[in-house]
Amino acid sequence: MATELETGLPSVRQLQMLIRDKQEVEIKLMTNDVITGRVRWQDTYCICLDDSENQTFMLWRQAIAYLKPKA
């Protein structure tokens, strides 16, 4: 597994754009749980998400089934 965030990857750039624009996203986990909120930051292993109730979630990338922007 990489030790540095590969900023040239389209997935990393897409997430950075979502962070910059503070766009709401829906994340479905491998457990079928769905979390909605705004991506706060990302690193090589995790994504941090703030939900509408000001709860902060740190999600391991390997636990995510999909992430999609909310329309």
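Numerical summary
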{"quantity": "Residues that are touching a residue at least 24 places away in the same chain (Cβ under 8 Å) and within 10 Å of the chain's Cα centre (by Cα), drawn from region 37-68", "calculated": "Val39, Gln42, Asp43, Ile47, Leu49, Leu59, Ile64, Tyr66, Leu67, Lys68"}
{"quantity": "Residues satisfying the stated conditions in region 39-71, i.e. more than 14 Å from Lys22 (Cβ to Cβ), surrounded by fewer than 13 Cβ atoms within 10 Å (Cβ to Cβ), of a type in the set (Gly, Ala, Ser) and touching a strand residue (DSSP E or B) at 6+ places or on another chain (Cβ under 8 Å)", "calculated": "Ala65"}
{"quantity": "Filtered residue count, region 1-22, keeping only those that are hydrophobic (A, V, I, L, M, F, W, C) and surrounded by 15 or more Cβ atoms within 10 Å (Cβ to Cβ)", "calculated": "3"}
{"quantity": "Ile27 vs. criteria within 12 Å of Pro69 (Cβ to Cβ), out of contact with any Pro (no Cβ under 6 Å at 6 or more places or on another chain) and at pLDDT 95 or above", "calculated": "yes"}
{"quantity": "Residue selected from region 23-38 under the condition under 28 Å from Gly8 (Cβ atoms) and β-branched (Val, Ile, Thr), by the criterion surrounded by the most Cβ atoms within 10 Å (Cβ to Cβ)", "calculated": "Ile27"}
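The values are calculated or read from the model by the stated rules, or taken from the named source; none is laboratory data. None of the values given here were measured: they were computed from a predicted structure. Cβ coordinates were reconstructed from backbone atoms using ideal geometry, including for glycine residues, and neighbour counts include every protein chain displayed.
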